[in-house]
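The values are calculated or read from the model by the stated rules, or taken from the named source; none is laboratory data. This one's a predicted model, so the numbers in the text were calculated from it and none came from an experiment. Just so you know, the surface numbers come from the protein's heavy atoms only, side chains and all, with ligands and any DNA or RNA stripped out. Shrake-Rupley method; radii C 1.70, N 1.55, O 1.52, S 1.80 Å.
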Amino acid sequence: MRYLRLLTAALCAAALTGCGSSDDEGLSYPAPDSICGVPADKEVLESLLDDGDKLEQDDGGDTLADGQFCHLYVDGNDSVTSDGDWHERDYELRDYFQDYEVKNLRYLKGGEYASWNSGVVMVAPVPGSARRVMCCPSK
C-alpha cells in the first residue's frame with residue numbers, strides 16, 4: 001500500500017507541475033510536503049498554492065484504498081484540489097470525459113494525459129497490478 005501511495009503522489013505531483021502559479025513572492029506559511037498525508041514534492045506545491053495566512057487540508061474522510069479527493073484551502077478558499085482514483089487496466093481518459101462537457105480539452109501522449117483551462121488529468125499503469133491510477137489535480 002505504501003508503494004501505491006508514493007506512486008499516486010508522484011503522478012499527481014508530475015501532473016501538477018504544469019499548472020504553477022505566476023506569483024514569485026513565496027508563501028506566508030510553510031509549504032506542505034504532502035497532499036492529505038500522501039508525500040508530494042514541496043517545491044511543486046509551493047508553486048501552486050495561493051499566498052495567504054493559513055493552509056488547511058481536507059480529505060473528506062476518503063481512504064486511499066477507494067481513491068482520495070483532497071482540498072488544500074488557503075484562508076478558507078480552495079487553492080489546489082487533487083483526486084486520485086483506481087480503475088481497471090483498460091480504462092482510458094476518454095471514458096472519464098464521456099459524460100462531461102469540458103471546453104478546450106486536449107489529449108496528450110496518446111491519451112495518457114489530458115488538460116483543459118482549469119486542470120489536468122492522467123492515467124498510468126500500476127506495476128504488478130491489473131489496475132490503473134487516475135490523478136486529477138486542479139488549480
| note | Interchain or sequence-distant (5+) residues whose placed amide H lies within less than 5 Å of the amide H of Ala40 are Ser34, Ile35
| query | Which ³J(HN,Hα) values in Hz, rounded to whole numbers, follow from the phi angles of the stretch 38-47 under the Karplus curve 6.51 cos²θ - 1.76 cosθ + 1.60, where θ = phi - 60° and Gly and Pro get x? | reply | 9, x, 8, 6, 4, 5, 5, 4, 4, 6
| said: Shape verdict for the stretch 49-105, please, from the Cα gyration tensor: rounded (a/c under 1.5), prolate (a/b greater than b/c) or oblate. | reply: oblate
| query | Considering only protein heavy atoms, what is the solvent-accessible area of Tyr100 at a probe of 1.4 Å, reported in Å² to the nearest 10? | reply | 140 Å²
| Hey, any idea what the orientation-averaged projected area of the convex hull of the stretch 81-122's Cα atoms comes to, in nm²? | 3.3 nm²
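Once you have the Kirkwood Rh of the stretch 35-77 from its Cα pairs, apply Stokes-Einstein at 37 °C and 0.692 mPa s and quote D in µm²/s.
Estimated diffusion coefficient is 291 µm²/s.
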